1. Using per-residue counts of other Cβ atoms within 10 Å, averaged over each peptide, order 26-32, 207-213, 308-314 from highest down.
2. For a test of the definition: using alpha carbon positions, the gyration tensor, and the 1.5 limit on a/c, classify the chain as rounded, prolate or oblate.
3. Rounded, prolate or oblate: pick one for the range 2-128, where a ≥ b ≥ c are the square roots of the eigenvalues of its C-alpha gyration tensor, a/c under 1.5 means rounded, and failing that, prolate if a/b is larger than b/c, else oblate.
4. So what's the back-of-envelope 222 nm ellipticity for the chain, counting only DSSP H runs of four-plus at -39500 (n - 2.57) apiece and dividing by all residues, rounded to 500?
5. Pairs 132/243; 173/205; 165/349; 155/250; 9/71; 2/173: which exceed 28 Å Cα-Cα?
6. How would 315, 263 line up by accessible area, probe 1.4 Å, largest first?
Amino acid sequence: MKRLQKLRKSIAEKALDALLISQPENLRYLSGFTGSGWLLISGRNAILVLDFLYVEQAKGESPGFEIMQIKQDLHEWLPGLVSDLGCHKSGFEANLISHDAYQKLAEAIRSKQVNLELVPTTGIAERLRSIKEPEELVFITKAVELADAAFEQSKGMIRPGVTEKEAAWHIEKTLREKGSEGVPFEVIVASGPNSALPHARPTDKTIRSGEPVIIDMGARVGGYCSDLSRTLFLGRPDKTFQKVYDTVLKAQAIAIEGTKSEMTASEADQLARRVIEQAGYGDAFGHGLGHGVGLAVHEYPKLGPRSSDSLADGMVFTAEPGIYLAGQGGVRIEDMVVLENGKARVLTKADRDLSV
Ligand code: ZN
């Protein structure tokens, strides 16, 4: 209930008297409920509003929460429920409610003459989630260890003659055999020119000797994710590729070494970006340094040149600089870190050898 208290504080700071949560990871974070539905939180009440399908599940997962079973759409129950609680200004998660649902809500409030103002909000629960509690870090660490072990075990599978899809499936199978709760995102195995696409999906392309291969994979334990990328080279890399690899490795090391709590996320990004720019590859680092990881694989903070997020102790995020040369290939090296006592501690232990 500590999380609920913090959320209520955030709600009050925004001058709201209730907040409707529907984002699945936020639901889980605040109530323990892992299905889909709604959580309405006011100063006094915390009500899970659920379809019949989820009622029994919620009783088990969310003791202490009121449960209300509904059959109707949002606009049919929300205005009445919120005003019954004595609330007149309720926030909702603007990125989760469709325009259509919002219009119906506004119409229902008007036609029923309910004294209720709906306020779009973003990131209220997500900001709380960005600072991890010790119990959360335990799960994250296990998810990191699981991905590390699965990577080490399946590395040998990345060899000439194997297709990207075969390698990706082998990695996914290994992750699941080791206990991952599904996979938090589709495993990426991108070889040769495909490795120059930061979000490549595995294809039927055969991995060949003389090619770089980017592997991006993660595990999930206790609901918490990990995210790991490594670049391998089959055979002997040429001078250019070795320089690119060394540059990314250096950018990552400098970023991790230099990142401090109380820095802004864009300053952390800048640490890595400067190294890559100085090596002449500034334009080839087309994404941010990293992203928060927790119940979601991409969450606060966002580390990029335009991010307005600030860093703080307890945050867990990736450091994953990359250089992508179109038509040739790419390099990305991704570790997870936690900010503790003002600085970044690396959680990932998978080795960074370029050759297999
Ligand atoms: Zn990532």
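The values are calculated or read from the model by the stated rules, or taken from the named source; none is laboratory data. Everything numeric here is computed off the predicted structure, so don't read it as measured data. Here the Cβ is made from the backbone with ideal geometry for all residues, glycine too, and neighbour counts use every protein chain on show. Only protein heavy atoms, including side chains, enter the accessible area calculation; ligands, DNA and RNA are left aside. Shrake-Rupley method; radii C 1.70, N 1.55, O 1.52, S 1.80 Å.
1. Details: 26-32: 22.0, 207-213: 19.4, 308-314: 16.0.
So the order, starting with the most tightly packed, is 26-32, 207-213, 308-314.
2. Details: a/c = 2.32, a/b = 1.94, b/c = 1.19.
Cα axes put the chain in the prolate bin.
3. Working: a/c = 1.56, a/b = 1.19, b/c = 1.32.
The shape class here is oblate.
4. Values: 10 runs with 130 residues, N = 356.
The helix-only estimate for the chain comes to -11500 deg cm²/dmol at 222 nm.
5. Numbers: 132/243 36 Å; 173/205 20 Å; 165/349 25 Å; 155/250 23 Å; 9/71 31 Å; 2/173 37 Å.
Those over the limit are 132/243; 9/71; 2/173.
6. Details: 315 15, 263 35 Å².
So, going from the largest accessible area down, we get 263, 315.
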